[in-house]
Amino acid sequence: MPTGEFYTLITGGSSGIGKALAMECASRKMNLIIVALPGLELEQTANEIRNTYKVKVRCLEMDLTNREAPLLVYKWCEQLGYTVNMLINNAGLAGTAIFDESSLLYSDSRIQLNIRALVLLCRVFLPDMKKLPKAYILNTGSMSAFYNIPYKSLYSASKAFVVSFTRSLKEELKGSTVSISVVCPNGVHTNKGTKARIESHGYKGKMVELPPDAVAKIAIDGLLKGKTMIIPGAINKIIHLTGKLIPFKLKQYFLLKEFRKEVNTV
């Protein structure tokens, strides 16, 4: 039951888009729970947000690829009396690889984090959220969700799952107090790996790139307005629409040619 003090829970909230989402929510005077891998970044981010925005920030070090992690996160919140009225499933693993040359861990970690953890966090928190006057869930997808991308086969498929799952659950939640959205950014410079992958596409990568803080603002604005799918950036909206018109074989030819460039950055 509500404690009178609400929290926004953000996974992967210590860096990249997750940190930008945490900053954006804190700027709107939301108290935060940041769940991220152990490390100095987590506490540094929490202190930066506390000092800048004067909101409460709780930290939980957790590897969400562990099977028990989603339930442990929920029980930790329950035991400490934190009422989560906004759940942001941001944690995820990207990457580029030749599928049959990649390690089993490469595939398994992306399935566990991008799909399993996201689904189970929705499952454990949703019953309590439906008891609140208003609650929100934001899942982080990707523009990759709309394409069958060679060398990013698992990543693009995992994000397609996130989009499908979110849109399906949106229908189930009609008539409830919970609104769910998915944000699908394109290139976002969050670390050395993403920078190298974006730059491998030359001017095309630069055209679609957005800074994390811009993505975060668009995402939270869209979430609070009840939008189902949020695509940051005008050019990305155009790409999404025109992508539906290009013949499949032609589209796959260009995707193969374009994303082969990323393999050389690994």
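A few comments on the model shown:
- The residues of the stretch 139-182 that are in a helix (DSSP H, G or I), farther than 14 Å from THR228 by Cα and not charged (D, E, K, R), listed by number, are MET143, SER144, ALA145, PHE146, SER153, LEU154, TYR155, SER156, ALA157, SER158, ALA160, PHE161.
- Taken as a whole, the stretch 69-86 holds at least one residue that is of a type in the set (D, E, K, R) and either without any contact (Cβ under 8 Å) to a residue 60 or more places away in the chain or open to solvent by less than 30 Å² (accessible area, probe 1.4 Å) (or both).
- Matching residues in the stretch 207-217 - criterion: being open to solvent by 60 Å² or more (accessible area, probe 1.4 Å) and under 29 Å from MET86 (Cβ atoms): PRO211, ASP213, LYS217
- Matching residues, the stretch 19-47, being open to solvent by 80 Å² or more (accessible area, probe 1.4 Å) and assigned to a helix (DSSP H, G or I): LEU40, GLU41, GLU43, GLN44
- The numbered conditions (1) modelled with pLDDT of 95 or more; (2) under 30 Å from LEU104 (Cα atoms); (3) of a type outside the set (D, E, K, R) are all true for ASN191 except (1).
- The residue that is surrounded by the fewest Cβ atoms within 10 Å (Cβ to Cβ), counting only those in the stretch 218-266 that are in a loop (DSSP other than H, G, I, E, B) and among the small types (Gly, Ala, Ser), is GLY226.
The values are calculated or read from the model by the stated rules, or taken from the named source; none is laboratory data. Everything numeric in this text was worked out from a predicted model, so none of it was measured. In this analysis, Cβ positions are derived from the backbone assuming ideal geometry, glycine residues included, and neighbour counts consider all displayed protein chains. The area values use the complete protein model at the heavy-atom level, side chains included, leaving out ligands, DNA and RNA. Shrake-Rupley method; radii C 1.70, N 1.55, O 1.52, S 1.80 Å.
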